[in-house]
1. Please go through region 216-245 and pick out each residue that is exposed (fewer than 13 other Cβ atoms within 10 Å of the Cβ), assigned to a strand (DSSP E or B) and touching a residue at least 60 places away in the same chain (Cβ under 8 Å).
2. Give me the pairs, please: first residue somewhere in region 70-97 and free of Cβ contacts under 8 Å to residues at least 24 places away in the same chain, second residue anywhere and loosely packed, with under 13 Cβ neighbours inside 10 Å, beta-carbon distance under 6 Å, and either six or more positions apart or on two chains.
3. Would you point out which residue out of 116, 160, 120, 131 is part of a loop (DSSP other than H, G, I, E, B), out of contact with any helix residue (DSSP H, G or I) (no Cβ under 8 Å at 6 or more places or on another chain), modelled with pLDDT of 80 or more and buried (at least 17 other Cβ atoms within 10 Å of the Cβ)?
4. Test each condition in (1) farther than 21 Å from residue 62 by Cα; (2) touching a strand residue (DSSP E or B) at 6+ places or on another chain (Cβ under 8 Å); (3) touching a residue at least 60 places away in the same chain (Cβ under 8 Å); (4) not assigned by TED's automatic domain parsing to the domain that holds residue 24 for residue 213 and report the one that comes out false.
5. Scan region 218-231 and tell me whether some residue there is within 30 Å of residue 55 (Cβ to Cβ) and at pLDDT 95 or above.
6. When only residues in region 181-203 that are surrounded by 16 or more Cβ atoms within 10 Å (Cβ to Cβ) and more than 30 Å from residue 105 (Cα to Cα) count, which is nearest to the chain's Cα centre (by Cα)?
7. When region 204-215 is examined, which residues are found to be under 18 Å from residue 31 (Cβ atoms) and surrounded by 14 or more Cβ atoms within 10 Å (Cβ to Cβ)?
8. Looking at region 179-197 only, could you name the residues that are assigned to a loop (DSSP other than H, G, I, E, B) and in contact with a strand residue (DSSP E or B) (Cβ under 9 Å, 6 or more places away or on another chain)?
């Protein structure tokens with residue numbers, strides 16, 4: 001760390017704080033996608049709080065079984081060259097009311113779709129944990145928070161890495177008050193602004209968002225005659241859908 005950077009860090013750490021001062025992270029969207037033909041994604045991390053945020057970024061791959069139950073496989077213990085997804089930097093110092101960017105680089109195989117959980121976790125910095133702070137700075141930051149780690153809230157996002165040869169084929173069928181959506185392609189599709197209406201765009205329930213993995217089928221319950229309205233997202237393609245149940 002050069003002299004200018006260390007000086008700035010000292011100012012950030014020593015800034016007067018109120019009793020309830022704490023970092024407030026905003027990582028933007030909770031779902032991110034690396035499309036075919038691309039290998040990187042830039043994600044911005046904002047801190048809306050009154051205190052500098054020291055953020056560790058961790059990555060785990062989600063592996064789904066035949067029952068769509070996912071287990072997390074941490075990449076932290078793997079050598080760098082064996083990690084399919086690399087995060088740079090893995091340690092962020094985000095100033096109060098400021099932002100920093102992190103780059104996600106995928107360099108694994110692209111024969112099938114892959115899924116990763118990326119977590120942004122505010123921490124109390126320690127000496128030799130990658131933030132390049134000394135003991136005095138670490139103690140000053142810890143004391144400034146008063147309530148300590150209880151005020152630090154982390155966030156996670158889900159990253160979809162699409163296969164190299166992406167193919168979309170989605171079918172939506174309404175019958176007897178139900179909607180059945182089948183993803184017969186090889187990449188995840190999204191049903192955004194999904195809502196159930198008594199008639200076309202009338203007396204609608206709250207809007208939600210659903211992801212449907214490749215090869216999966218999902219059924220939505222309703223009543224005969226109701227309308228299922230949503231935006232079908234297949235990669236960058238958007239299609240407004242209205243299907244009667």
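The values are calculated or read from the model by the stated rules, or taken from the named source; none is laboratory data. Owing to the predicted nature of the structure, the values given are computational and were not obtained by experimental measurement. Neighbour counts run over all protein chains shown; Cβ positions are idealised from the backbone, glycine included.
1. Selection gives 237 alone.
2. These pairs meet every condition: 71/63; 73/63; 88/103.
3. Only one candidate passes the filter, namely 131.
4. It fails just one condition, (1).
5. Here is the first cut: in region 218-231, the residues within 30 Å of residue 55 (Cβ to Cβ) are none.
Checked against the condition, which is being within 30 Å of residue 55 (Cβ to Cβ) and at pLDDT 95 or above, region 218-231 yields no hits at all.
6. Once the filter is applied, the top-ranked residue is 194.
7. 209, 211, 212, 213, 214
8. Residues satisfying the conditions are 184, 185, 187, 188.
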